[in-house]
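Have a look at the structure below, then the notes.
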Amino acid sequence: LRNSRHVSRRAFSTNFPVLQQATPATVKNYINGEFVESKTKKWIELRNPATQEVISLVPETTAEELKAATDSAEEAAKTWSKTSIVQRQRVMMDLQALIREHQDKIAENIVQEQGKTFVDAKGDVFRGLQVVEQACALTSNMMGHHMSVAKDMETYTYREPLGVVAGICPFNFPAMIPLWMFPLAIATGNTIVMKPSERDPGALMMLAELAAKAGVPNGVLNIVHGAVDCVNYICDEPRIKAISFVGSDVAGEHIYTRGNANGKRVQANLGAKNHAVILPDANKQATLNAVAGAAFGAAGQRCMALSTLVLVGEAKEWLPELVERAQQLKVGYGMDPEVDVGPVITTQAKDRVHRLVQSGVDQGANLLLDGRGVVVKGYEKGNFVGPTILSDVKTNMDCYKEEIFGPVLVCLNVDTLDEAIEMVNSNKYGNGTAVFTNSGPAARKFEHEIDVGQVGINVPIPVPIPPFSFTGSRGSILGDLNFYGKSGFDFYTKPKTVTSLWKESDASHSRASVAMPTIR
Ligand code: NAD
């Protein structure tokens, strides 16, 4: 074992030199412990969604650089997989301390690149930090099984790392989702090639710097950039054994199919359309606050956002008060402490939101609140959409069928809880849902009859803390091992089962037996 390193607070401090450059800065590849400028000729402009200012240029990492990242991960795996489990645990402990210390700086970067509010960006980092804390519980989570099965014979199972793995991330949680991936992957003894979203790679670049300070050796964590070509390289490279993906259906289905065809283990979390079901016996004020926060927070760009409201019976009378609450939310630049709703990620995303709202109007829904015309003083070019509410929506309308991924709440009416459950279960997605009620039996019925992977009972965004796993289901997931929790440890490892016989030499058998060996 290496001696326990003493990490002083001074050693923890960093100014993130990787981000201290002229504007627009070029985002570097991170290969074998070095932040290196890409030799690519293809650069993707990264714009601040509140201003349209180009704040950095993201490379389309070249084929040679992608290979170099994999070479470095492959080489590092030879030694990293053999380091003691307590050493890897200690690195995770230092990483969690460093992230806690620098969470505000990471959150500021998220506001600039992704647009969400500072307080929400801090939540993004904190939710990821909790997975690192879970990675610190490596020693108990990696414990195997051992049984004495017969005289002199023992069988035991333990888990080994896969080797080189990869992570492909979406834009909406630039810290949390990379932190769902690389800490557990490397804590369990793998090395990893990460591809952040080309729209906001800054948080992961900062996390890589912290990981190096925490003692993650060169080559254990590598970062490459780009879009489809980079993703296809990851799907096809035989040395990469597993892929963690979070993002849209189109990309996820492609990665799952292509990765599987190449013999890889793939976990893919996809799109969502999360329904909130309100029963008329619910606590009205708390419920309306919860729904407004979960529908419009992060500008509706959370995979667990409550984007669909199902009002049971008299609960439909609450809509005017919900509109009032939505109107109170302030739209603007994420560093303004009074702002509740930041911009959506790109002008294309804004156009998609506008199109789907208009389709709802054209197909017969009522536009109770229209956030499409919102202009933020001083940020006139920003991709802002204000909270928008469509009522009398029907399940055949496009605004119901498609994931809008903006601050838009579509509202449907039903007469009974049974109808609400039927509606949720008929939707193709199964990421999250929430029921609001004061009735224990109704909540219990909902919990047991609903076919959705994550259920909130009077809880609007039931994303589980990391001792549990993130368990979206049906159209929201491909693959059967979930992110983080026990399942996360299992995804990044494979079991080995050994049966051993140690007995004193016995010369009584003079012939080989060809019968199937059995233990009786
Ligand atoms: P996206 O699919 O556009 O991008 C995700 C990643 O895939 C990026 O790294 C991108 O470069 C890559 N990519 C994009 N298109 C591709 C293609 N055609 N082929 C190969 N690779 C491609 O997703 P996004 O817009 O960044 O993220 C939003 C989506 O992610 C939403 O649908 C949201 O519901 C989903 N999401 C799901 C979860 C979950 O846990 N279920 C969590 C967060 C986000």
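Quick notes
- So Ala443, is it farther than 30 Å from Ala187 by Cα and either in a strand (DSSP E or B) or open to solvent by 60 Å² or more (accessible area, probe 1.4 Å) (or both): no
- For Gln130: the one exception among (1) in a helix (DSSP H, G or I); (2) within 16 Å of the ligand (Cβ to nearest atom); (3) open to solvent by less than 10 Å² (accessible area, probe 1.4 Å): (3)
Residue-by-condition table, conditions (1) within 27 Å of Arg239 (Cα to Cα); (2) of a type in the set (D, E, K, R); (3) more than 26 Å from the chain's Cα centre (by Cα):
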| residue | (1), (2), (3) |
| --- | --- |
| Thr40 | yes, no, yes |
| Glu53 | no, yes, yes |
| Leu57 | no, no, no |
| Thr61 | yes, no, no |
| Glu64 | yes, yes, yes |
| Thr83 | yes, no, yes |
| Arg88 | yes, yes, no |
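- Some residue of the stretch 248-255 being open to solvent by 20 Å² or more (accessible area, probe 1.4 Å), aliphatic (A, V, I, L, M), more than 12 Å from the ligand (Cβ to nearest atom) and out of contact with any Phe, Trp or Tyr (no Cβ under 9 Å at 6 or more places or on another chain): no
- Residues that are away from the ligand (no atom under 16 Å from the Cβ), among the polar types (S, T, N, Q) and assigned to a loop (DSSP other than H, G, I, E, B), drawn from the stretch 463-511: Ser505, Ser508, Ser510
- Among the conditions (1) buried (at least 24 other Cβ atoms within 10 Å of the Cβ); (2) away from the ligand (no atom under 16 Å from the Cβ); (3) outside any helix (DSSP H, G or I), Lys241 misses just one, which is (1).
- Pair list, Cβ < 6 Å and 6+ apart or interchain, from the stretch 250-263 residues that are over 12 Å from Asn232 (Cβ atoms) and in contact (Cβ under 8 Å) with a residue 12 or more places away in the chain to residues that are more than 11 Å from the ligand (Cβ to nearest atom) and outside any helix (DSSP H, G or I): Tyr256/Val266
- Test for Val216: is it within 11 Å of the ligand (Cβ to nearest atom) and either modelled with pLDDT of 95 or more or not acidic (Asp, Glu) (or both): no
For every residue, the table says whether it meets (1) within 20 Å of Pro174 (Cβ to Cβ); (2) in contact (Cβ under 8 Å) with a residue 40 or more places away in the chain; (3) crowded, with 24+ Cβ neighbours inside 10 Å.
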residue: Gly271; (1), (2), (3): yes, yes, no
residue: Val277; (1), (2), (3): no, yes, yes
residue: Ala305; (1), (2), (3): yes, yes, yes
residue: Trp318; (1), (2), (3): no, yes, no
residue: Val323; (1), (2), (3): no, yes, no
residue: His354; (1), (2), (3): no, no, no
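The values are calculated or read from the model by the stated rules, or taken from the named source; none is laboratory data. Values in this document were obtained by computation on a predicted structure and should not be read as measured data. Glycine gets a Cβ as well: all are built from the backbone with ideal geometry, and neighbour counts include every protein chain shown. We work out accessible area using only protein heavy atoms, side chains counted, and drop any ligands, DNA or RNA first. Shrake-Rupley method; radii C 1.70, N 1.55, O 1.52, S 1.80 Å.
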